[in-house]
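Student: Input: one structure, supplied below.
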Ligand SMILES: N[C@@H](CCC(=O)N[C@@H](CS)C(=O)NCC(=O)O)C(=O)O
């Protein structure tokens, strides 16, 4: 737990998988925090001061020191509060955890964005194919219950957007990318992960996320 002297603030936004990563990390550690709710398109001056480079959430402010970028924040949390480790201590395993988390943010995210937010049919198909290739790499990486072994770790938390956001997003868009048939191990992992009590209590409800994403997708289609 954060001691009384410590002040932990999380600048976040509803329905953001990047903010959810940080919340899961803090809760796994049992660190209490104050949530500062930001609004898309109307960010507070405080947030912009804390993250002038990207002007995005999440930002963790620990005793007035701001840390930005969800994966960097997660590592900071893990190094600051030692209980319930999120990253492996073995340097090679730690390097692999960083590799796969970066893979999710680089390869998977760019592929899925292309698969969803592209009008050009050929380009969209490339996006779908690239998403499936990325999911297959992750399917091959699951050796235990979680990417982190028997307990949730860094890659699991990074992949929350695959476990929870992707099934909802593909339903709205009408894609069948991530199914039990195509990726049995990854699908089973997504069930175990989203049913973990800390993850479950942190995820936004399907009833909120689905209409939000539907509206966003319709706005995109209307703009084309
Ligand atoms: N790479 C960043 C991504 C963060 C991000 O995209 N945050 C979005 C919310 S999901 C945001 O703050 N958007 C506000 C804006 O663009 O004005 C991370 O991992 O923290």
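The values are calculated or read from the model by the stated rules, or taken from the named source; none is laboratory data. These numbers were taken from a predicted model, which means no experiment stands behind them. All Cβ positions, even for glycine, are placed from backbone atoms using ideal geometry, and neighbour counts span all protein chains on display.
Student: Find the helices (runs of 4 or more DSSP H) located wholly in the stretch 1-102 whose residues include 2 or more that are closer than 28 Å to residue 134 by Cα, and list them.
Tutor: 17-29, 70-80
Student: If you don't mind, another one. Surrounded by fewer than 17 Cβ atoms within 10 Å (Cβ to Cβ) and in a helix (DSSP H, G or I): is that true of residue 210 in this structure?
Tutor: In short, yes.
Student: Give all pairs with beta carbons closer than 8 Å in which a residue from the stretch 112-133 that is on the phi < 0 side of the Ramachandran plot and touching a residue at least 60 places away in the same chain (Cβ under 8 Å) meets a residue that is in a loop (DSSP other than H, G, I, E, B) and exposed (fewer than 12 other Cβ atoms within 10 Å of the Cβ); count only pairs at least 6 apart in sequence or on separate chains.
Tutor: 119/224
Student: What's the number of the condition residue 77 fails, among (1) within 12 Å of the ligand (Cβ to nearest atom); (2) crowded, with 18+ Cβ neighbours inside 10 Å?
Tutor: All conditions are met except number (1).
Student: Would you point out which residue out of 119, 157 is closer than 30 Å to residue 219 by Cβ, at pLDDT below 95 and not assigned by TED's automatic domain parsing to the domain that holds residue 26?
Tutor: 119
Student: Sort out which residues of the stretch 32-62 are closer than 23 Å to residue 87 by Cα and surrounded by fewer than 19 Cβ atoms within 10 Å (Cβ to Cβ), and write them in order of number. Quick ask: steps written out before the conclusion?
Tutor: Going residue by residue through the stretch 32-62, those that are closer than 23 Å to residue 87 by Cα are 32-33, 57-62.
Once the filter is applied, which keeps residues that are closer than 23 Å to residue 87 by Cα and surrounded by fewer than 19 Cβ atoms within 10 Å (Cβ to Cβ), the stretch 32-62 yields only 32.
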